[in-house]
Amino acid sequence: MSAEAADAVELRAALVRLRRGTGLPVAFGGIVATPGQVRIAELSGAATNALRGLAIVAGNGLGGKALTLARACAVTDYRDSRHISHEYDGAVEAEGLRSVLAVPVVVHRRVRGVLYGALRSAQPLGDRALGAAVAAARDVEQALVVRDEARTLLAAAAAPVAEGSGAWEEVREAHGALRALAPRIVDPALRAELLAVCGRLASAASPVDREAPVVLAPREVDVLACVAAGATNAVAAERLGLRPETVKGYLRSAMRKLGAHTRGEAVVAARRAGLLP
């Protein structure tokens with residue numbers, strides 16, 4: 001799945017959440033394609049295609065204002081508002097929108113997109129609606145952060161490994177971070193790529209013992225990867241989005257399968273089995 005297709009998936013899901021959380025009948029949005037410009041790519045609840053493909057320039061209209069200020073903006077009556085410019089009135093009126101809010105998607109202090117919610121009547125949009133719209137934008141922000149981090153780790157993992165224990169420690173850290181990220185990736189192609197790289201990193205460290213193969217569940221490997229990096233059960237639980245008791249259960253199961261009596265023995269056995277680098 002391309003980055004553009006993955007963005008579309010995230011946007012569609014966010015717009016559905018925005019409508020559900022705010023009760024607003026119409027939601028739409030787009031990701032920044034070129035600096036200072038958002039192109040409306042996804043619509044939810046729209047009656048026409050008037051807004052689709054609209055290029056929102058920084059400073060212009062409500063979305064352009066949100067893009068420039070990097071904060072949520074709203075108007076009670078778009079057509080008559082004196083607080084925004086009116087380059088996009090034609091498309092807004094064609095869809096019949098009056099009250100509109102726009103929330104920027106901000107990642108590392110840079111606006112990466114804008115989400116809109118709208119009513120077809122002129123009435124104030126309360127704090128509840130604004131809060132739900134901001135929450136939907138935060139979801140997109142988190143998805144983009146995770147994807148950016150995954151791409152960075154993949155690039156680092158693709159670099160050739162130098163000789164020396166220090167280099168392998170870096171590989172092991174990257175492996176653990178990738179394992180922790182994978183379950184949070186919505187894009188199935190990117191998730192599969194992360195897990196494939198994890199497999200290559202694990203098998204590169206030592207030859208797999210083909211005479212006695214050990215099969216662990218994905219979450220058991222995730223927990224062992226955290227343990228190998230020195231994480232406690234509580235820290236591993238936080239990284240993996242699990243409860244500490246669940247982490248303990250996965251660790252016990254992995255140790256039993258590996259014939260290990262301690263956490264350290266389990267890590268050594270997992271590395272010998274080609275499950276960890």
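The values are calculated or read from the model by the stated rules, or taken from the named source; none is laboratory data. In this text, all values refer to a predicted model and were calculated from it rather than measured experimentally. When we count neighbours, we look across all protein chains shown, and the Cβ atoms used for this are built from the backbone with ideal geometry, even at glycine.
Here is a check on your reading of the model: is P160 within 26 Å of A260 (Cα to Cα), at pLDDT below 75, more than 15 Å from the chain's Cα centre (by Cα) and not in a helix (DSSP H, G or I)? Talk me through it step by step, then tell me what you get.
Numbers: within 26 Å of A260 (Cα to Cα): no; at pLDDT below 75: yes; more than 15 Å from the chain's Cα centre (by Cα): yes; not in a helix (DSSP H, G or I): yes.
Taking the combined requirement at face value, the residue does not satisfy it.
Which ranges mark the helices (runs of 4 or more DSSP H) fully within the range 1-120 that have 1 or more residues being under 24 Å from the mean Cα position of the chain (by Cα) and closer than 17 Å to E141 by Cβ?
Values: elements: 3-22, 61-69, 89-95.
Fully inside the range 1-120 and qualifying: 3-22, 61-69.
So, in the range 192-229, of the ones that are modelled with pLDDT of 85 or more and out of contact with any Lys or Arg (no Cβ under 8 Å at 6 or more places or on another chain), which residue ends up nearest to R172 (Cα to Cα)?
Looking at residues that are modelled with pLDDT of 85 or more and out of contact with any Lys or Arg (no Cβ under 8 Å at 6 or more places or on another chain), I get L224.
Just a yes or no: is a residue in the range 36-47 of a type in the set (D, E, K, R), in contact with a helix residue (DSSP H, G or I) (Cβ under 6 Å, 6 or more places away or on another chain) and assigned by TED's automatic domain parsing to the domain that holds V140?
At the first step, the residues of the range 36-47 found to be of a type in the set (D, E, K, R) are 39, 42.
Subsequent filtering for residues that are in contact with a helix residue (DSSP H, G or I) (Cβ under 6 Å, 6 or more places away or on another chain) retains 42.
Now narrow it down to the ones that are assigned by TED's automatic domain parsing to the domain that holds V140: 42.
Yes, the conditions are met somewhere in the range 36-47.
Out of V16, V100, V57, report the one residue that is within 16 Å of A129 (Cα to Cα) and surrounded by fewer than 19 Cβ atoms within 10 Å (Cβ to Cβ). Write out each step before concluding.
Values: V100 fails: surrounded by fewer than 19 Cβ atoms within 10 Å (Cβ to Cβ); V57 fails: within 16 Å of A129 (Cα to Cα).
Selected residue: V16, the only one of V16, V100, V57 that is within 16 Å of A129 (Cα to Cα) and surrounded by fewer than 19 Cβ atoms within 10 Å (Cβ to Cβ).
For every residue, the table says whether it meets (1) more than 30 Å from L181 (Cα to Cα); (2) of a type in the set (A, V, I, L, M); (3) assigned by TED's automatic domain parsing to the domain that holds A174.
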| position | (1), (2), (3) |
| --- | --- |
| I56 | yes, yes, no |
| L69 | yes, yes, no |
| R98 | yes, no, no |
| H108 | no, no, no |
| R112 | no, no, no |
| L115 | no, yes, no |
| G126 | yes, no, no |
| A137 | no, yes, no |
